[in-house]
1. What's the total number of residues in region C:1-44 that are more than 7 Å from chain B (Cβ to nearest Cβ) and under 18 Å from B:Ala371 (Cβ atoms)?
2. Can you name the residue in region A:167-190 that is within 12 Å of chain C (Cβ to nearest Cβ) and touching a residue at least 40 places away in the same chain (Cβ under 8 Å) and is also surrounded by the fewest Cβ atoms within 10 Å (Cβ to Cβ) among such residues?
3. Pick from region B:1-24 the residues that are more than 7 Å from chain C (Cβ to nearest Cβ) and under 24 Å from C:Leu132 (Cα atoms): which of them is surrounded by the most Cβ atoms within 10 Å (Cβ to Cβ)?
4. Can you name the number of the only condition in (1) in a helix (DSSP H, G or I); (2) without any contact (Cβ under 8 Å) to a residue 24 or more places away in the chain that B:Val227 fails?
5. Residue by residue through region B:338-352, note down the ones that are at the interface with another protein chain (Cβ under 9 Å from one of its Cβ atoms) and under 20 Å from B:Ala406 (Cβ atoms).
6. Given the conditions (1) at the interface with chain A (Cβ under 9 Å from one of its Cβ atoms); (2) part of a helix (DSSP H, G or I), report the number of the one that C:Met190 does not fulfil.
7. Using beta carbons and a limit of 8 Å, which pairs, at least six apart or on different chains, have the first residue in region B:179-204 and outside the structural domain of B:Gly219 (by TED's automatic domain parsing) and aliphatic (A, V, I, L, M) and the second one in a helix (DSSP H, G or I) and modelled with pLDDT of 85 or more?
8. Tell me whether region A:155-166 contains one or more residues that are in contact (Cβ under 8 Å) with a residue 12 or more places away in the chain and basic (Lys, Arg).
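The values are calculated or read from the model by the stated rules, or taken from the named source; none is laboratory data. Just so we're clear, the structure is a prediction, and the values are computed from it rather than from any experiment. Glycine also receives a Cβ, built like all others from the backbone with ideal geometry; neighbour counts cover every protein chain displayed.
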Amino acid sequence: MTDNSEQEYTASTDDPTADEMSIETDVSTSVSSSDSTQHANTVVSAENVSVWYNDEQALQDITLDIPENQVTAMIGPSGCGKSTFLRCINRMNDLIDAAHVEGDLHLRGKNVYDDDVDPVALRRRVGMVFQSPNPFPKSIYDNVAYGLEIQDKEGDYDEIVEQSLKRAALWDEVKDQLDQSGLELSGGQQQRLCIARAIAPDPEVILMDEPASALDPVATSQIEDLISELAEEYTVVIVTHNMQQAARISNKTAVFLTGGELVEFDDTEKIFENPESQRVEDYITGKFG
Amino acid sequence: MATREDVIEDFGHVSRTAGTVFRYLLLAATLFGIVALAVLLLYVANDAIQPLTADPGWHLTFFLTLVVPTLAVSSYLFRTDPVSFRFGASIVGLLAVSTMFAGGMAMIFVDIVPPVVWFGYVLALCLSLAGVVVIERFDRQLPFLARFVAAGAIVVGAFAVVPGLVQSLPVYPTDDILLTLSFGAPIAAVVGRYAAADAGRRGRLLAIGAGVVAIGLGGVVGPLLGVTPVPATVILSLAVVPTAGYAAGIVRRHPARRSGLVLTAVVLLGAFGGAAAVDALGFAGPQSWVDWQFLTSAHSGDAINAGLYPAIGGSILLMVTVAALSFPLGVGAAVYLEEYAPDNRFTRFIDVNISNLAGVPSVVYGLLGLAVFVTYLGQPTGTVLIGGATLALLILPIVIISAREALRSVPDSMRQASYGMGATRWQTIRNVVLPRAFPGILTGTILALGRAIGETAPLIMIGAPNVLFSLPTGLSSKVSAMPLQVYAWASLFASDPFYQAAVPAGVVVLLVVLLSMNSVAIVLRNKYQSDSQ
Amino acid sequence: MSTDDITRDLTRRTENSPRELLTRSFFFLCAVLSIVTTVSIILMLTTEAAKFFSVTAPLMGIEGPTASVVDFFTGTEWVINNEQFGVLPLVSATLAVTIGSAVVAIPLGVATAIYLSEYASSRAQRVLKPALEVLAGVPTVVYGFFAVVYITPALKTVIPGLGTFNMLSASIVVGIMIIPMVASISEDAMSAVPDSLRQAGYGMGATKFDVSVGIVVPASLSGIFSSFILALSRAIGETMAVTVAAGSQANLLNPLNPTAYLEGALPMTAAMVNLLTGDVTGGGVAYRSLFAIGLTLFVITLIMNIISDLVAQRYREEY
């Protein structure tokens, strides 16, 4: 399921003059996400990615491109490899001894599985938000500034923390209690804190693994609004088992079915209204789940 | 936010040098204590055993008969069949440790408890058990209390009457036959059942019979090898037969592990063969301070003749007393706290209390023993009874805490299943919880006993004698203990000869006993953990 | 079955049947024994110590030589035959051993805990953890012996002014003895930190060093501190190693002065042992001073245990 826009890009990635490139891309990225996705750049491009846990294959030959500044949702029944694929993007699967990855995965043209890539350096360019909120037992300020501290980034940390909390729609609620422990916030607030923490170091992509599944409906809808806003600045890839959520907030949707197979990947409206594959239609209409 | 690059050539690299240096520093710190202790152990072993004073021929012989074959077989097995290797090695270890404990047990039967007396008590036990079983058959006709009282009467009666009766017999069989019947037979029964568990009734009876016969032969075979009948019987019953039975049982269940026995055979043949060879070839062994004389003589002002025998006996008697006191009381308290106690302030108070008691210095427990048992209750100082009671109080909090851990590790779903079937609390505890938690409780108790064996201060406080010339024979005999004897040598008799000979030897014996106990506990715990997973 | 039968069956009170009551009472008594022990300890120490001090001795019906409370707690001489009972030299020596062993055990113990919890493979753990338990299982007399016979001579080659009995060897050996306590309790605390926190850290591109030192250790700080206090309380109560290695001369020293460790001294616990094994006649004021020291010791270790509980409770993170 490759995007047409990819053909433009394979040519340009060979061009060494990055400066020229940025001018061209500025034009394309100013296109809002509601425009035809053919003009969007590709940020993450997977080619024949397969994953085994010991002898069991969890992902079958996944090829897809994730466009910039859009929300790409990955849906499917549980155990179909959506989280596994997500964790390939920032090589978090490396931390699992039993996992074995094959294939190529390019982040902005560089294959993250190349031998010369340092996974730690890679993860500093990609943000991740987990299923259950996991703020550190530190103050709210220290939580958000954590990424800046470990990368020893320059800049005014106070301002970056404020910006990140504002972008995560949490600033107003905590601006007077930045010293308070992150664990004292409610579940929904903790998850927004984790989002602020993830965006503070300005990542290329934000990966979200079922970010609202542990939250109550009010908090869930707050997170969903937030995700749509985040796509204006960042590229968001979200795994969700909640189909309606995917329909609500994503621009593109990938459907994973049993055995780690990517069955269809297209614009969200197409997937939900008129999917090509019968299996996808059966899944969407709830014939199995 | 920064403008995004279109193309990333390189994600950059994060320096890991700080992390790597840190990792090696951590490893060094972790190994520091262990390596330091290992070095100290080597030093003291060298001082006590003096391996370098042996003839080169002695070293060479054992090298050829024991070391080389063992290494060869071990490395081969380890690479091709690790499970068999572990089995073979465990049999060797089991044999070594059990022989050591059997030696201690033999000491008890030789010098402390005459086999006749033991026989009498075992007979009483059997009779009272038989009586209790008969009474239980009437559990529909008689209420519980009546049965309880009747059973109690039978037990008390049996123990009061039978031992005296037996001892007053004009004629009775020789010591080793008595022991075979009363000590070896029960052990053979348990071992035989395990070894032949899948062979049906006849097979089991055969196995038990074989075990009893083997033990009985000890009285005859032993003297041929230079071992008197009673120790021979004890060693056979406590070391040889159980180990053989265990090995047989495992091999029947897992035939593939048979090859591990090759390792066992190589080690045993190498050791005995080497011993025979050095005897025949006349090579002198190391002039070790830890020798048979050291283990079997009493203290003497002359360092070279000083021995550890009464102290070893004292330690054994103390351990028996401590175990008898602390095991039921400690496990009982743990059961109450985990299974019965409601979650109120009183229970929490007991909790806090126990964890505080675990932190009280051992000297203070000694003071407690002194003030309560000696001064207040007027007992004579330094006896087995008050020594054992004081040490039992010392390790009671430890036993309670580890028993609680073991009880807590029983999944609640098992209890729920039992209660769901209408079982009472005691029924659940007895049938579901305790069996499952038993290995963990056993491990914790063994470790606690190991702590008690090594304690000196409380014994000093209750007035245990510094030097003892004869073996303690009963609960009210004065008692010494291994660490106490070593301390006395190191402080009261501190002089070069003692520090050269007696003290290192005593330290080595003490360490060997302790390390064996710790290893048994650790092996038990590992086996239990891997079984339940 | 008739309604009557069922009613009778269902209303039968099994929890109070004699068998249940019997077993329950037995277990209850076992648990109560622990309280009896504590009460006995406190009673015993206070009454005997009361016989020792002048202010309270008359209440206990004791006549004869006693010691004044003030002199006990502020006196700087401990010479039994002279009836001088100042406890400060003993306390200073105990303090010295505690500080010395803390310097050894705390860094090594925490480092061990971090290594075991964050870096060691499970195979390495299976070897290292039992090895550490062995360290804790060696009897304290043996440690004292090691200090006098092997460590002091070795140190003498580097530090010429070292006495045969000295606080330095004693501190080193007690430190090695309590490393396993610090390590195992801290390691438990670190393992209790949920893995999702580590995942969050790694997900942000933190190195293992960042995660271990910046996330796991701060999150388990309460358990780590509690381990320090428990280990130090053990060092304070340690008897035989210091009795053998530190000597028998009571000596007021300054625990913060490194050179003071080169001499021998008499910690509280060793003083108690000396009172019973030395040339002390039974009964009398010297005998009772045992209990006064014992009381002081008991109160100190009790307070430390309570503090350790409080620290663990108060700062424990609820995940």
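1. 4
2. Initial filter on region A:167-190 (within 12 Å of chain C (Cβ to nearest Cβ)): A:181-184, A:190.
Among the residues that remain, those that are also touching a residue at least 40 places away in the same chain (Cβ under 8 Å) are: A:181-183, A:190.
Numbers: A:Ser181: 16, A:Gly182: 23, A:Leu183: 18, A:Gln190: 23.
Ranking the candidates gives A:Ser181 first.
3. Here is the first cut: in region B:1-24, the residues more than 7 Å from chain C (Cβ to nearest Cβ) are B:1-13, B:15, B:17, B:20-21, B:24.
Of the ones still in play, those that are also under 24 Å from C:Leu132 (Cα atoms) are B:20-21, B:24.
On the way: B:Thr20: 13, B:Val21: 11, B:Tyr24: 11.
It comes out as B:Thr20.
4. The one condition B:Val227 does not meet is (1).
5. If we filter region B:338-352 for residues that are at the interface with another protein chain (Cβ under 9 Å from one of its Cβ atoms), which is where we start, we get B:339-341, B:347, B:349-350, B:352.
Correct list: B:Glu339, B:Tyr340, B:Ala341, B:Thr347, B:Ile350.
6. (1)
7. none
8. no
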